[in-house]
Amino acid sequence: MRGTEVNGTAGVSARTFDTGKVRVEIRGGEGELLASFSVDPGDTGLAARAGEAMENIAKAGRDAGNMTVEALDELLEREVMRTLGKGSQSDPGADDDIFRVVRPTAISADGELFAAAVLAAAADAVLPEMKKRQERMAEAARRYTEKYAKDCAKAQSSDFIGDSQ
């Protein structure tokens, strides 16, 4: 019996699972690329990590007077990268260079913190897709539940008939 062949490798079977990652770009006023990263709309922990990050960033804002800019940059970068499900920029596992051009503590002309702009851009990209996925999941659960209920009813009626004979 021959094994499954995928890409010429005997005994290896592969399956692709498309997570639907979304690529996010943040551009400056003249169209220059300031940051680029990917987010996974299927990452169920993203919202919880974002909430924790916002709490930690708010706390850092209250303590900012006692922190150096470098320490604040590091904290914001760590929180953003953790929220997005990535390591820190010093971690070789991080696949995106979000803060290569603009530091997390940079302030835009309208007063927005760059770290907050990154999180907002990620949310804008992910929320519509998350909503679609939740709707698909609810529909799949509804279909399964209906099928299960019909199968149970059929089984119960056949058991009842078998018991009465």
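The values are calculated or read from the model by the stated rules, or taken from the named source; none is laboratory data. In this text, all values refer to a predicted model and were calculated from it rather than measured experimentally. Counting neighbours? That spans all protein chains shown, and the Cβs are built from the backbone with ideal geometry, glycine included.
Give me the pairs: first residue in the stretch 108-123 and within 12 Å of THR83 (Cα to Cα), second residue outside any helix (DSSP H, G or I) and among the polar types (S, T, N, Q), beta-carbon distance under 9 Å, and six or more apart or on different chains, which are they?
Between residues of the stretch 108-123 that are within 12 Å of THR83 (Cα to Cα) and residues that are outside any helix (DSSP H, G or I) and among the polar types (S, T, N, Q), the close pairs are ALA115/THR105.
All but one of (1) buried (at least 16 other Cβ atoms within 10 Å of the Cβ); (2) assigned to a helix (DSSP H, G or I); (3) modelled with pLDDT under 90 hold for ALA120, so report the exception by its number.
(1)
Only residues that are among the β-branched types (Val, Ile, Thr) and either part of a strand (DSSP E or B) or over 17 Å from the mean Cα position of the chain (by Cα) (or both): list them for the stretch 24-55, please. Outline the logic, then answer.
So the first thing to find is which residues in the stretch 24-55 are among the β-branched types (Val, Ile, Thr), and the list is 24, 26, 39, 44.
Result: VAL24, ILE26, VAL39.
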